[in-house]
Amino acid sequence: MLERPGFDQLSLPRAPNLAIAPDGRQVVYIGYSSGQSRLYLRSLDQMQGEEMPGTEQAEGPFFSPDGGWVGFFRQGQLEKVTVSGGATGVLAQAPNNRGGTWGPDGTIVFASGNQVGLSKVSADGGAAQPLTTIDRARERTHRYPAFVPDGSAVVFTVGGSEDATFDDARIDVLSL
C-alpha cells in the first residue's frame, strides 16, 4: 500500500487496479478510505482523485472505449458505473476477477475465475457467453484480456498447467 493525500492508501494487489482512460486524460484506481476499498477518478490535470460513490469493494477497473463508463468487479459480479457518478449496474456474475476489457461494439470480455475460459457479455448486461475454452492438458487459466484498438481481436494471458509462477505463461490472440 502507498500513502497518498485524499485517501488512506492506494491498493497495489495481484490484480490490475489502475486504468487509463482512452483519451489519456483520466485514470481510475482503487484506493482505501476508512478501511474500505473504492474507486477513485482522477483527471491528470488535478493533484487528487475524487471518490466514485457506490464503488466500495471494487477491483479490476477498466474504461469503456468512449471513456464515459468504468467497468469493475465487486463481490462476485461484473459491474459498471458512469464516470460522472450515479448508480452502478450489474452486468454478469464473475466470482473471481481475473480482468476485463470493453470493446468498441459494446461487448465486455472478462475472466470470471482462476481456471475458466474467457466470457463475453453486452455492456447493457444479460447472459454471459463462453468465449474461450481451456485445454486442460496444457493450460490452467485464461485471464487479463485486452481488446486491440479496432476491436477485431482480444489478447489475453494463458497460464500453463503446471507452473503457478507464470514462468511458462504465454500471450494468445483470439480473433473476433
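The values are calculated or read from the model by the stated rules, or taken from the named source; none is laboratory data. As the structure is a computational prediction, the values presented were derived from the model and not from experiment. Here Cβ is always computed from backbone atoms with ideal geometry, including for glycine, and neighbour counts include all displayed protein chains. What goes into the accessible areas is simple: the full protein's heavy atoms, side chains included, and nothing from ligands, DNA or RNA. Shrake-Rupley method; radii C 1.70, N 1.55, O 1.52, S 1.80 Å.
Å³ per residue of the Cα convex hull, for the chain?
115
P(r) of the stretch 59-150 in 5 Å steps, Cα pairs, percent per bin?
Per 5 Å bin, starting at 0, the Cα pair percentages come out as 3, 16, 27, 26, 16, 8, 3, 1, 0, 0.
Amide H neighbours of Ala92 under 5 Å, counting only residues 5+ apart in sequence or on other chains, H built in-plane at 1.01 Å?
Residues meeting the criterion, in which the H sits 1.01 Å from N, are Leu78.
log10 I(q)/I(0), Debye, Cα-only the stretch 113-176, no solvent, q = 0.17, 0.18 Å⁻¹?
At q = 0.17, 0.18 Å⁻¹ the computed log10 ratios are -0.61, -0.67.
I'd like to check one number: the per residue accessible area of the chain, probe 1.4 Å, reported in Å² as a whole number.
51
For the stretch 112-176, what is the relative contact order in percent, using Cα pairs closer than 8 Å and at least 6 residues apart in sequence?
So the answer I get is 24 percent.
Hey, in the GNM for the chain with a 10 angstrom Cα cutoff, which one of Gln129, Gln77, Gln46 fluctuates hardest?
Largest GNM mean-square fluctuation: Gln46.
Pop a pseudo-label 7 angstrom from the Cα along the beta-carbon direction at both Asp105 and Ile20 and give the gap in nm to one decimal.
2.7
Return the carbon/sulfur percentage of the accessible area of the stretch 109-176, one whole number, probe 1.4 Å, all protein chains in place.
With neighbouring chains kept in place, the figure for the stretch 109-176 is 50 percent.
Given Gly71, Pro53, Pro130, which one lies farthest toward the positive end of the charge dipole of the chain, if we put +1 on the Cβ of every Lys and Arg and -1 on the Cβ of every Asp and Glu?
Going by the charge dipole, the pick is Pro130.
Could you give the alpha-carbon Rg of the stretch 26-113 over 2.2 N^0.38 Å, rounded to two decimals?
1.02
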